[in-house]
Amino acid sequence: MLSSSAILCVGAIYLLLVVSSSHTAAVHQRASIEPRSSHAVAHNSYANSGPFPILDISYKHILSQIGANATAAGNASLPKNIREHFATSKAIPLSKRDAPSQCGPGQPCADGSCCNSDGKCGYTSYTCGSSNNVRCLSNCNAHAMCGVNSLNAAQHCPLNLCCSYFGYCGTSTAYCVNPGSAQSGNPCQQGYGSCQVAPEPSCNPNTGTASRGRKIGYYQSSLERNCNRMGPIDIDITGFSHVIFAFASINPNSFQIIPLESSHPALYVQFTSRRSSTLQTWIAIGGYSFSDPGLTQNTWSNMVAPQGNRATFVNSLMGFMNMGGQPGDTANLVSLVQEMRAAFGNRYGISIALPPDYASLQNFNPSALSPFIDFFNFMSYDLHGPWEASILGPQIRSQSSIIDISSDLLPLWFDNVPPSKLNLGIAYYGRGYTLQNPGCADVGCPYAGASSPGTCTGSAGVLSLREIQVVIQQQGLTPRLLPDEMIKQISWGNQWIGYDDTDTIALKSNWADQHCFGGLVFWSLDLVGVGTGDSPISPSPDSTCSSTRSCIGSSYGPCCSAHGFFGADAAHFSINNGCQVTLGVCNTIVVLRVGGVEVEVGIVGWDVRDCLETVVRNLS
């Protein structure tokens with residue numbers, strides 16, 4: 001018999017279900033086929049940049065041009081009925097707002113709109129033109145998001161949002177007042193979207209649509225943390241209906257499904273072993289930094305456009321699962337999912353992760369996708385972070401305030417997405433800041449930057465829920481509930497963290513029940529447990545491995561056996577024999593019969609056909 005370690009094939013032969021989309025689209029694509037950070041914690045790769053908060057920015061721009069915030073020239077530029085509307089509206093705050101100048105010489109508008117000499121941004125003649133009193137300084141040929149000042153005066157608001165007089169798409173009365181007679185200059189531009197605020201769905205909370213509905217947990221496949229490492233068999237799945245392995249990748253040239261890292265096929269074995277009659281195992285495709293600048297940045301858009309590429313992808317999915325193992329082109333994305341459903345039937349499930357920011361969400365067509373998917377996972381976290389400092393200002397904003405979540409969901413109600421198809425996202429991690437002044441440690445206080453990295457996760461600005469629990473214990477802290485935002489906060493020294501725990505999860509679950517959601521989704525299950533322990537892991541100085549001694553970096557062998565010893569043969573590296581995935585490299589063994597000869601093969605990559613060809617060559 002061939003030695004089980006003699007052939008290491010490139011192949012993932014284990015199943016799962018699929019699929020989640022990349023979290024961004026045409027406006028903000030993210031990607032990389034290279035392995036993501038070994039210390040990744042958050043769902044989204046916002047270390048250097050985040051989603052552009054266009055709805056927040058446009059609202060500030062509108063408010064800056066009306067009432068007490070407007071200049072004399074600005075007020076004079078508004079039609080009489082616009083001035084009267086905003087002067088009498090009780091729904092729009094008109095008090096003078098203290099904020100940095102929107103733009104000026106050498107400082108263009110953050111959203112690319114026209115900047116005038118009054119320091120105002122927008123798309124009307126007041127900001128883009130010139131008169132005796134005011135002139136445009138930069139981006140003077142910019143086109144509005146929608147309406148008469150948009151490209152060819154033909155751009156409608158995606159997802160049927162309201163097109164305001166100022167050429168911005170939005171969801172509130174500042175954008176949506178019904179024009180009635182449709183006179184030129186009324187607050188909402190008729191024919192470019194809705195002109196009515198979409199109502200929020202409402203249910204009796206006792207129905208428990210979310211709290212007694214789907215309960216979905218992601219599992220991150222990264223095992224390189226300094227401590228608290230958790231393999232698939234370590235995660236607590238009590239009460240969960242679905243677990244999702246994050247992530248698989250797509251070859252940007254062949255559009256075949258491939259493991260994100262060569263170690264993942266071994267994890268698939270443990271992961272799918274958790275499946276039961278009450279728990280489904282899925283895998284997410286793309287995600288995290290898949291659409292960041294890099295090799296896979298345009299993979300989604302390249303794959304979904306030609307029908308032949310879509311067919312290759314769907315066939316690859318079928319093969320991937322049967323073996324046990326830029327989406328800005330909205331119409332093609334819908335076609336892809338429709339073709340997947342036709343191929344899958346009811347045998348496999350399909351879900352899509354929806355980004356919460358309108359700049360990305362507008363490139364999806366959720367209402368058209370809805371009939372072909374099982375559910376959407378709405379990523380209602382990472383809503384704010386240090387990446388916004390130069391845009392919204394360096395003031396603390398919680399990453400998962402229910403106020404922001406409610407606002408970010410409004411585009412889905414405009415698009416008539418059934419709430420029963422939505423799962424409300426909950427983060428098992430907190431986002432934090434380093435305070436400018438330790439005496440001001442609350443939402444709204446200024447910050448100097450991201451909070452310090454955690455001992456185990458090692459990511460600035462983020463702590464896992466387990467790390468937060470350790471900090472609370474070590475620092476003797478009493479967390480403070482912010483009931484209006486449905487979050488907890490803690491502060492110590494110059495550090496501030498906002499997060500969710502069992503108390504706030506119960507509040508948000510009840511809120512989701514009241515809004516008819518079909519379930520909850522958690523990122524991620526490996527951020528909540530102790531795993532290998534709270535003490536950092538280092539390379540072992542001898543031939544043994546344990547919760548603080550890793551094979552990685554040791555000279556005694558890359559694999560840790562079930563009995564805690566190093567080695568490089570099947571007794572050590574086989575996941576079937578109990579190889580410990582959190583402490584070293586593990587592979588899976590497949591016994592093949594070729595020409596009457598049994599061959600043990602270690603599978604560490606993709607694809608199994610190459611493996612079989614190698615086996616045959618070695619036997620002949």
Exercise for the section: Output the strands (runs of 3 or more DSSP E) that fall wholly within region 394-469 and possess 2 or more residues being under 30 Å from residue 162 (Cβ atoms) and hydrophobic (A, V, I, L, M, F, W, C), or say none. Expected result: 422-427
Problem - Residue in region 418-427 that is surrounded by fewer than 21 Cβ atoms within 10 Å (Cβ to Cβ), over 16 Å from the mean Cα position of the chain (by Cα) and modelled with pLDDT under 95 present - result: no
Fill in the blank from the handout: In region 372-397, anything at pLDDT 95 or above and more than 23 Å from residue 426 (Cα to Cα) is listed as 394
Exercise for the section: Using the structure shown, decide if residue 376 is buried (at least 18 other Cβ atoms within 10 Å of the Cβ), within 21 Å of the chain's Cα centre (by Cα) and part of a loop (DSSP other than H, G, I, E, B). Expected result: no
Completion exercise
Counted residues in region 366-389 being within 20 Å of residue 344 (Cβ to Cβ) and not β-branched (Val, Ile, Thr) come to 10
Exercise for the section: Would you check if there is a residue in region 148-160 being part of a loop (DSSP other than H, G, I, E, B), under 30 Å from residue 244 (Cβ atoms) and among the hydrophobic types (A, V, I, L, M, F, W, C)? Expected result: no
Handout entry: region 201-214 residues that are at negative phi, paired with ones that are hydroxyl-bearing (Ser, Thr, Tyr) (beta carbon under 7 Å, 6 or more apart)
Key = 203/209; 209/420; 210/509; 211/509; 214/241
Completion exercise
If we ask which residues in region 133-142 are part of a loop (DSSP other than H, G, I, E, B) and within 15 Å of residue 61 (Cβ to Cβ), their number turns out to be 2
Handout entry: Single match in 457, 434 (criterion: modelled with pLDDT under 95 and over 30 Å from residue 169 (Cα atoms))
Key = 457
Exercise for the section: From (1) assigned to a loop (DSSP other than H, G, I, E, B); (2) at negative phi; (3) not polar (S, T, N, Q), pick out the condition that doesn't hold for residue 382. Expected result: (2)
Problem - Filter result for residue 533 (in contact with a helix residue (DSSP H, G or I) (Cβ under 6 Å, 6 or more places away or on another chain) and either surrounded by fewer than 17 Cβ atoms within 10 Å (Cβ to Cβ) or at pLDDT 95 or above (or both)) - result: no
Problem - Residue within region 213-231 that is β-branched (Val, Ile, Thr) and modelled with pLDDT under 95 present - result: no
Practice task
Can you tell me which residue within region 339-371, out of those that are modelled with pLDDT under 90 and in contact with a Lys or Arg (Cβ under 8 Å, 6 or more places away or on another chain), is surrounded by the fewest Cβ atoms within 10 Å (Cβ to Cβ)?
Solution key: 339
Fill in the blank from the handout: Among residues of region 263-274 being under 25 Å from the mean Cα position of the chain (by Cα) and not in a helix (DSSP H, G or I), the residue farthest from residue 244 (Cα to Cα) is 263
Practice task
Working only within region 241-259, note down all residues that are in a loop (DSSP other than H, G, I, E, B) and either in contact with a Gly (Cβ under 9 Å, 6 or more places away or on another chain) or outside the structural domain of residue 221 (by TED's automatic domain parsing) (or both).
Solution key: 241, 256
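The values are calculated or read from the model by the stated rules, or taken from the named source; none is laboratory data. Predicted, not measured: the structure shown is a model, and the values here were computed from it. Cβ sites come from the backbone with ideal geometry, for glycine too, and all protein chains shown count toward neighbours.
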